[in-house]
Amino acid sequence: MSLKCALVHEWLTPKATGGSELVVREILNHIDADLFALIDFESSNPESYLYQQKIGTTFLQHFPFARNGVQKYLPLLPLAIEQLDLRAYDVILSSSHAVAKGILTTPEQLHICYCHSPMRYAWDMTFDYLRQSKLGSGLAGWMTRYVLHRLRQWDVLTANRVDYFIANSKHTARRIWRCYRREATVIYPPVNIESFPFVPQKEDYYLTVSRLVSYKQVCLIVRAFNKLQLPLVVIGTGPEMKKIRRIAKSNIQILGWQPNDMVKKYMANAKGFVYAACEDFGIALVEAQACGTPVIAYGAGGALETVRDVREHGDQGTGLFFKEQTEEALVDTIKQFEIYQGKLNPECARVHAAQFSPQIFAQRYLDFLNKCTQNLTIT
């Protein structure tokens, strides 16, 4: 007897195009599942693969300005996700980086959560969130702290609603254990390797592609290249755009948002891809390596699982790490990169990136799902 599956994700909007959305797309390529989310503005988007697909949503769908970021209704997200009635399904698959894992289930249902990250603004980034938010000080600040406190309590409680956790990296698995005291199986997310052009001969510029938000540390990269006076291209948009434009010197091009084809072109031709954030996985690092482009990355988080430092791996190296999120550390590493770049083989980077292909993700995810559902009894 076939199992009836539901797939739950946080939000589906044209601006949400990161690694978690790629996981949702790949799961739907292989599993016949009904899709649910807090909000959905993709099924009405003619350019989306979800165009005209039936997607279940919550009351937040009708709230003002939800399309531009439902996170503004943060205190309501737990309540909203719990309003989705999925009792008709045998298996619940959640793709969660905020509240999707908090879906209500019955004892007869199986819930498998692919966790991209425990809720960052409730855990690791609480103090950054408070410092940057207009609601982070005064009486409003204390109210915000209380909301985040209750959110952490709810987040831990709802971990008990999950039967099996999958983590997108070993780094995320450790965070899941720290926050929830739950073990997680690591299955790396899919990266569409074949869609990125392999270019062995590089041009004379460095590149970073990122949302321009504080934790991505793009300002740090810009300040380091101001000192180095080497050519840097910055692609991306976000709240730090004005600040970055203000501090950037003439050797830095800030292109803002660019279509995918243009991003791939710049990524394929760059002499090095620079990334300064601590990511749970870091899909852009793998995309750069798929192009044969070496990576200069902050040596923490998921980068340690996706990039091979040439100083340690020799001929199999695909980039260099800098150990501290400081201008000095990045400047020193770029100088070393200028020396080591002749030892970095573009073909090795491409081969290394291939282990994160959609085919490998699908095989491991489906094998895990089959294993979990073997003893599931349908009543």
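The values are calculated or read from the model by the stated rules, or taken from the named source; none is laboratory data. Bear in mind that the values here come from a model prediction, so they are computed numbers and not experimental data. Note: ideal-geometry Cβ built from the backbone for every residue, glycine included; neighbour counts use all protein chains shown.
Going through (1) out of contact with any Asp or Glu (no Cβ under 6 Å at 6 or more places or on another chain); (2) modelled with pLDDT of 95 or more one by one, Tyr340 falls short only on (2).
Here the condition is being under 17 Å from the mean Cα position of the chain (by Cα), hydroxyl-bearing (Ser, Thr, Tyr) and either assigned by TED's automatic domain parsing to the domain that holds Ala159 or modelled with pLDDT under 95 (or both); of Ser48, Ser96, Ser44, it holds for Ser96 alone. Look at Thr333 and say whether it is of a type in the set (Ser, Thr, Tyr) and in a helix (DSSP H, G or I). Judged against the criteria, Thr333 is a match. None of Thr158, Thr172, Thr208 is over 19 Å from the mean Cα position of the chain (by Cα) and surrounded by 14 or more Cβ atoms within 10 Å (Cβ to Cβ) except Thr158. Would you be able to say whether some residue in the stretch 265-286 is surrounded by fewer than 17 Cβ atoms within 10 Å (Cβ to Cβ) and either at negative phi or not assigned by TED's automatic domain parsing to the domain that holds Cys219 (or both)? Taking every residue of the stretch 265-286 in turn, at least one turns out to be surrounded by fewer than 17 Cβ atoms within 10 Å (Cβ to Cβ) and either at negative phi or not assigned by TED's automatic domain parsing to the domain that holds Cys219 (or both). Considered as a group, the residues in the stretch 87-105 that are among the hydroxyl-bearing types (Ser, Thr, Tyr) and either outside any strand (DSSP E or B) or without any contact (Cβ under 8 Å) to a residue 12 or more places away in the chain (or both) include one that is surrounded by the most Cβ atoms within 10 Å (Cβ to Cβ), and that residue is Tyr89.
Every listed requirement among (1) crowded, with 18+ Cβ neighbours inside 10 Å; (2) within 20 Å of Leu230 (Cα to Cα) is met by Asp332 save one, (1).
If you go through the stretch 304-313 one residue at a time, do you hit one that is hydroxyl-bearing (Ser, Thr, Tyr) and outside any helix (DSSP H, G or I)? Write out each step before concluding.
Narrowing the stretch 304-313 to residues hydroxyl-bearing (Ser, Thr, Tyr): 306.
Filter once more, so that each one left must be outside any helix (DSSP H, G or I): none.
No: the stretch 304-313 contains no residue that is hydroxyl-bearing (Ser, Thr, Tyr) and outside any helix (DSSP H, G or I).
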